[in-house]
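> Let me begin by handing over the structure; questions about it come next.
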Amino acid sequence: MPLLQITDLKKTYVDPDGQTSTVVDVPSFELEHQEQLALAGRSGSGKTTFLNLIAGILTPDSGSILFDGQELVGLSDSRRDRFRANEIGYVFQSFFLLDGYTALENVLLGMMFGPGPDTRTARSLLETLGLGDRLGHRPHQLSIGQRQRVALARALAGKPRLILADEPTGSLDLRNADEALTLMRGACREQGAALLLVSHDDAVLDGLDRRLELAEVNRAARQAVGGES
């Protein structure tokens, strides 16, 4: 059984003019255990919405999301939050680090929602990612690349089985982007986690095991592209 199996997943929004717009319309999608998959798509094509539906941050209008055989659609808010804390790590493009806390504290705070704070694990992750001498630094004292690594450590700290990464290198230059992707892939392999990464950067997309165009997966994206041509 795949780690992630999605069927007939739909999400629509109503704009200020009252018009309904379908952003996600995915008939079928699968991700295998420990697979590293890149999902390509232009801005506004539904990539972030798709990840947020998988993570349980958003709820779909209809459809099924099976995680290792467990149905996620229909879970109560509290059960969905517990599932996300224990099974999914999320690397956001904007990192969302807390400015008043150190790198180590940001990772520990992220662990509070899952297995609980573990200073040894948090410290080890940051050291593995090259931040052993930055544990006490706050985000404004770190470079963009270093902040990205703190965000990755926070996502990995709970030992999730799936890492979702939303344009994780979008704020980085070419050298830092390549280094960040290498670190992310290596950390996922070491922990046995699958990786689903969305991006519009070919250099990033071609660095993973498998690449899919969002329009191949999401009918809404395919129709949007067709409507523009």
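> Can you say what percent of the DSSP beta bridges in region 4-228, counting only those with both residues inside, are antiparallel? Round to 5.
Of those bridges, close to 50 percent are antiparallel.
> Each label point is 7 Å from the Cα along the Cα-to-Cβ direction; what then is the distance between the points at ARG175 and THR20, in nm?
Taking the simple label geometry, ARG175 and THR20 are separated by 5.2 nm.
> If I fit a long axis through the Cα atoms of helix 119-128 and take the longest principal axis of the Cα atoms of the chain, what angle between them do I get, 0 to 90°, rounded to 10?
So the inclination is approximately 80 degrees.
> May I ask for the net charge around LEU97, where only other residues with Cβ less than 14 Å from the Cβ of LEU97 are counted and Lys, Arg are +1 while Asp, Glu are -1?
Net of charged neighbours comes to +3.
> At 222 nm, what value in deg cm²/dmol follows for the chain if DSSP H runs of at least 4 each add -39500 (n - 2.57) and the sum is divided by all its residues, to the nearest 500?
Helix-only estimate at 222 nm: -11000 deg cm²/dmol.
> On to the next question. Based on alpha-carbon positions alone, could you give the equivalent ellipsoid semi-axes of region 15-80 from the gyration tensor, as √(5λ), descending, whole Å?
22, 18, 10
> Related question: Given R₀ = 30 Å, what would the calculated FRET efficiency be for ASP61 paired with ARG82, taking r from the Cβ atoms and rounding to 0.05?
So the FRET efficiency works out to roughly 0.80.
> Taking each pair of different alpha-carbon atoms in the chain once, compute 1/r for the pair, average those values, and report the inverse of that mean as the Kirkwood hydrodynamic radius in Å to one decimal.
The Cα-based Kirkwood calculation yields 18.1 Å.
> So for the pair GLN223, GLN141, with labels modelled 7 Å out along Cα→Cβ, what separation do we get in nm?
Here the modelled spin labels are 5.2 nm apart.
> Still on this structure, I have one more. Round to the nearest 10 and give me the degree value, 0 to 90, for the angle of helix 219-228's Cα axis relative to the longest principal axis of the chain.
It works out to around 70 degrees.
> Can you give the net charge of the other residues whose Cβ lies under 13 Å from the Cβ of ALA187, counting K and R as +1 and D and E as -1?
In short, +2.
> Taking just the alpha-carbon atoms of region 1-136, what radius of gyration and Dmax come out, in angstrom?
Computed over the Cα atoms of region 1-136, radius of gyration and Dmax are 17.5, 53 Å.
> Something else: Obtain the nm distance between the two label points defined at HIS33 and ARG120 by a simple spin-label model: each point lies 7 Å from its Cα along the Cα-to-C-beta direction.
2.7 nm
> Between region 46-96 and region 1-37, what is the C-alpha centre distance in whole Å?
If you average the Cα positions of each part, the centres end up 11 Å apart.
> When the Cα atoms of region 148-193 are enclosed in a convex hull and the volume is divided per residue, what value in Å³ results?
Measuring per residue, one finds 57 Å³ for the Cα hull of region 148-193.
> How many Å³ per residue does the convex hull of the Cα positions in region 65-117 occupy?
Cα convex hull per residue, to the nearest whole number: 103 Å³.
Read-outs: derived from the displayed coordinates by stated rules, not from any lab. On a predicted model such as this, the values are computed, not experimentally measured, just so you know. Note: ideal-geometry Cβ built from the backbone for every residue, glycine included; neighbour counts use all protein chains shown.
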